Amino acid sequence: MDAATCLKKLGYVGTLAFATVDESGNPQVRNVSAIHYEEDSLYFYTAQGKNFCKELKATKKVQILGLTMYKEMIRLSGDVIYLEGEESIKWRDVIFNEQPYLENVYPGDTKDIGAIFMIKDAEIEYFNLSVYPIFRESYTIGDGRITPKGFEITDSCISCGKCKQGCPQKAIDAGTPYHIRQENCLHCGRCEVNCPVQAIIKR
Ligand code: SF4
Ligand code: SF4
């Protein structure tokens, strides 16, 4: 798996959830399908009057979530760039050509009220729930950065084995100290709660 494949898979899903934060700090989420994918970036269309557009311009951030038919969760957290002028028209026309239904929504020159945003710097999380153990990995595009998540075992570990026995995904290997295979970890926290010497910490 890699970032380009994740973008391709998001394209196959088609309609994705886009999350922003409004001016009151409340989460806002909506479905968007007016999206064009390049190998290492994506472009999407909305309308100038929508709160979505306002929130994107204010925060310059978005989180996008898709679930494939194979139970693969793909989450992209990125910076958005508002495009203007000829570049905006170019990508708007690409999106409208790829998705003809948009011409019904914004016929003729009414599409001029649109706003085009680009994402080229992002973190992409891939999380496959259809295999055992589960598989997860993170990638970046552009200057995106990977946010450490989950848990790790410190040198305080006394090798009692309790975490390994209780892990729902058998994602812990014995050793000194014991070791969590990050690519197989659910981030459920069961090992942290059950460790008798608090040797497991958040990453
Ligand atoms: S439960 Fe804690 S002390 Fe026991 S093996 Fe796991 S990390 Fe080490
Ligand atoms: S967080 Fe959950 S899945 Fe991950 S190692 Fe601990 S118990 Fe296993």
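No lab work stands behind these numbers, since they all come straight from the coordinates. Because the structure is predicted, anything quoted here is derived from the model rather than measured. Positions of Cβ are backbone-derived with ideal geometry, glycine not excepted, and every protein chain shown enters the neighbour counts.
Computed values, structure above
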item	result
Under the Karplus curve 6.51 cos²θ - 1.76 cosθ + 1.60, θ = phi - 60°, whole-Hz ³J(HN,Hα) for segment 164-169, x wherever Gly or Pro sits	4, 4, x, 6, x, 10
Whole-number Å³ per residue for the convex hull built on Cα positions in segment 151-202	62
Cysteines in the chain that, by Cβ-Cβ distance, have no pairing candidate under 4.7 Å	CYS6, CYS53, CYS157, CYS160, CYS167, CYS185, CYS188, CYS195
TYR178 long-range amide H proximity, modeled H, under 5 Å	SER159
Peptides ranked, highest mean first, by Cβ atoms within 10 Å: ranges 81-91, 163-173	163-173, 81-91
Theoretical FRET efficiency, 1/(1+(r/R0)^6), r = Cβ-Cβ of ARG190 and VAL29, R0 30 Å, to 0.05	0.60
Helix-only CD estimate at 222 nm, as mean residue ellipticity for the chain, using -39500 (n - 2.57) per DSSP H run (n ≥ 4)	-6500 deg cm²/dmol
Contact order normalised by residue count of segment 3-141, Cα under 8 Å, 6+ apart, percent	27
Surrounding net charge for ALA115, when Lys and Arg each add one and Asp and Glu each subtract one, Cβ distance under 12 Å	+2
Given charges at beta-carbon only (K, R positive; D, E negative), |dipole| of segment 151-202 in Debye	180
Theoretical gain in end-to-end length, ASP22 to ASP109 [0.36 nm per residue, Cα-Cα removed]	28.4 nm
Candidates ILE124, ILE116, ILE158: whichever shows maximal mean-square fluctuation once the chain is modelled as a Gaussian network with Cα springs under 10 Å	ILE158
Column: log10 I(q)/I(0), Debye, Cα scatterers of segment 3-141, q = 0.10, 0.12, 0.22 Å⁻¹	-0.33, -0.48, -1.42
Chymotrypsin sites (Phe, Trp or Tyr not before Pro) restricted to segment 97-183 and DSSP loop, no more than 13 other C-beta within 10 Å	TYR101
Per residue, the convex hull volume that the Cα atoms of segment 1-83 enclose (Å³)	91
Greater than 22 Å apart at Cα, pairs in LYS54/LYS120; LYS61/LYS120; LYS54/LYS149; LYS50/LYS71	LYS54/LYS149; LYS50/LYS71
Most positive-pole-ward Cα, THR68, GLY175, PRO100, against dipole of segment 58-203 from beta carbon charges	GLY175
Rounded to the nearest 20 debye, dipole of the chain from Cβ charges on Lys, Arg, Asp, Glu	980
Cβ-derived FRET efficiency at R0 30 Å, GLU183 paired with SER156, nearest 0.05	0.80
